[in-house]
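Read-outs throughout are calculated quantities, based only on the coordinates presented, and are distinct from any laboratory measurement. As the structure is a computational prediction, the values presented were derived from the model and not from experiment. Note that we place each Cβ from the backbone using ideal geometry, even for glycine, and neighbour counts take in every protein chain shown.
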Amino acid sequence: MVSVVTDMKCPTCRTSLVLMEDRKYVWLGCDKCLRYLRYRKDRMIKGFLNYGDRLDWRGMINYLYERYVAALAQEE
Ligand SMILES: [Zn+2]
């Protein structure tokens, strides 16, 4: 599992969110709150490829972050 710390902050605790990747999924979550969202990598990559070969990495992370915040809001 590959994992990188992003510059996105957890809306709950302000810890930097971590992006993880395994063979099939991309995960975005907070190591402190232990809350993670999981997405299928193949679908994700299809949605964010520019001109066939360049991955819109920032767009993808922004999208994941929006989903993360939305999921939190739903739980409240
Ligand atoms: Zn958190």
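Find out how many positive minus negative residues lie around R38, taking Lys and Arg as positive, Asp and Glu as negative, among other residues whose Cβ is under 12 Å from that of R38. The partial results should precede the final answer.
On the way: positive: K24, R35, R40, K41, R43, R67; negative: E21, D22.
Net of charged neighbours comes to +4.
Taking amide H atoms as placed 1.01 Å from N in the peptide plane, list the residues 5 or more away in sequence, or in a different chain, whose amide H sits under 5 Å from that of K9.
The answer is L17.
Cα to Cα, under 19 Å, and not fewer than 8 places away if on the same chain: which lysines meet these conditions relative to K46?
Within the straight-line limit of under 19 Å, K46 reaches these lysines: K24.
Treat each spin label as a single point 7 Å out from the Cα along the C-beta direction, and report the M20 to D56 distance in nm.
2.7 nm
Taking the inverse of the average 1/r across all pairs of different Cα atoms in region 2-75, what Kirkwood radius in Å do you get? Walk me through the numbers on the way to the answer.
Values: mean 1/r = 0.0793 Å⁻¹.
Taking every pair of different Cα atoms in region 2-75, averaging 1/r and inverting gives 12.6 Å.
Under a plain spin-label model, where a point goes 7 Å from the Cα along Cα-to-Cβ, how far apart in nm are D7 and R38?
3.0 nm
Give me the one-decimal nm value for the distance between modelled label points at L49 and E75, 7 Å along each residue's Cα-to-Cβ direction.
Those two pseudo-labels are separated by 3.4 nm.
Excluding D22 itself, what net charge comes from residues whose Cβ is under 13 Å from its Cβ, given Lys and Arg +1 and Asp and Glu -1? Write out the running numbers ahead of the final one.
On the way: positive: R23, K24, R38, R40, K41; negative: E21, D42.
Result for the neighbourhood of D22: +3.
Under a cut-off of 22 Å between alpha-carbon atoms, report the lysines in cross-link reach of K32, not counting same-chain residues fewer than 8 places apart.
K9
Of D53, D31, how do they rank once you tally other Cβ atoms within 10 Å and put the fewest first? List each step's numbers first, then the result.
Numbers: D53 6, D31 16.
Taking fewest neighbouring Cβ atoms as first place, the list is D53, D31.
Helix 57-75 versus the longest principal axis of the chain: what angle, 0 to 90°, nearest 10, using Cα atoms?
In the chain, helix 57-75 runs at an angle near 40 degrees to the longest axis.
To the nearest 500 deg cm²/dmol, what mean residue ellipticity at 222 nm is calculated for the chain from DSSP H runs of n ≥ 4 alone, each contributing -39,500 (n - 2.57), summed and divided by the residues?
Values: 2 runs with 26 residues, N = 76.
-11000 deg cm²/dmol, from helical runs alone.
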